[in-house]
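Visitor: Sharing a structure, written as structure tokens. Questions coming.
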Amino acid sequence: MANEELIMTPEGLKKIEDELEELKTVKRKELSERLKVAISYGDLKENSEYHSAKDDQAHMETRILQLERMLKIARVVDTGSISTGQVVVGSLVTLNDIEFNEKIEYRVVGPTEADVADNKISYESPLGKELMGKKVGDKIQVHAPVGIIEYELLHIGV
């Protein structure tokens, strides 16, 4: 695991850095205030506000550690040097669903940035794995719960 890396776009890096900053500053302070108020109620054994705040604090600290680890292993792609010759992390691809003759556009991103509702797919997803390294005109087959879905790669952009 020493060579483990997390590939992401500059936008993905910024999102992680912003979340980490928010947790370390604003959220920690808010939880500290919640704990002070809960402690002031006395008898910590039966104090549900105190236990709730402590649980939230544990979850937040775990998330902070996760984000810090992500930043340590992050490799940010230079979106300014993305080639349109083949699909890489950061590429904007236009696909044609062969069965339904329907065009779909996706941005290939790191796993922490994936958001299907925003048409961002991870390079680790089944479709993302199949797309990596492909060129315009290539056919892609993806194994999905509904069966094999076939796409044609129509365009690669940035």
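Throughout, read-outs are computed from the coordinates displayed, never taken from laboratory work. None of the values given here were measured: they were computed from a predicted structure. Note that we place each Cβ from the backbone using ideal geometry, even for glycine, and neighbour counts take in every protein chain shown.
Visitor: Calculated FRET efficiency, residue 83 and residue 103, Cβ-Cβ r, R0 22 Å, to nearest 0.05?
Guide: Rounded to the nearest 0.05, the efficiency is 0.50.
Visitor: Is the C-alpha gyration tensor of segment 8-158 telling us rounded, prolate or oblate? Criteria: a/c under 1.5 is rounded; beyond that, a/b larger than b/c is prolate, otherwise oblate.
Guide: Values: a/c = 4.16, a/b = 2.44, b/c = 1.70.
Prolate, because a/c is 1.5 or more and a/b exceeds b/c.
Visitor: Can I ask one more? Return the loop-located chymotrypsin sites (Phe, Trp or Tyr not before Pro) in segment 34-125 (DSSP other than H, G, I, E, B) with at most 11 other Cβ atoms within 10 Å of their own Cβ; answer none if there are none.
Guide: Hits after loop and neighbour filter: 100.
Visitor: When only DSSP loop residues count, what trypsin sites (Lys or Arg not before Pro) in segment 97-135 have their Cβ near at most 13 other Cβ atoms within 10 Å? All intermediate terms of the calculation are to be shown ahead of the outcome.
Guide: Numbers: sites: 103, 107, 120, 129, 134, 135; in loops: 134, 135.
Taking segment 97-135 and a limit of 13 other Cβ atoms within 10 Å, the loop trypsin sites (Lys or Arg not before Pro) found are 135.
Visitor: Take the alpha carbon gyration tensor of segment 79-157, find the square roots of its eigenvalues, order them as a ≥ b ≥ c, and report rounded if a/c is under 1.5; if not, report prolate when a/b exceeds b/c, else oblate.
Guide: oblate
Visitor: Using alpha-carbon pairs under 8 Å, 6+ residues apart, how would you state the relative contact order of the chain in percent?
Guide: 24 percent
Visitor: Each residue of segment 14-30 in turn: what ³J(HN,Hα) in whole Hz from Karplus with 6.51, -1.76, 1.60 and θ = phi - 60°, glycine and Pro shown as x?
Guide: Values, residue by residue: 4, 4, 5, 4, 5, 4, 4, 4, 4, 5, 6, 9, 5, 5, 4, 5, 4 Hz.
Visitor: Then there's this: What are the GluC sites (Glu not before Pro) within segment 1-79 that DSSP puts in a loop, where the Cβ has at most 13 other Cβ atoms within 10 Å?
Guide: Answer by residue number: 4, 5.
Visitor: Let me ask something else. For the chain, what does the helix formula give at 222 nm: sum of -39500 (n - 2.57) over DSSP H segments with n ≥ 4, over the residue count, nearest 500 deg cm²/dmol?
Guide: Dividing the helical sum by the residues of the chain leaves -12000 deg cm²/dmol.
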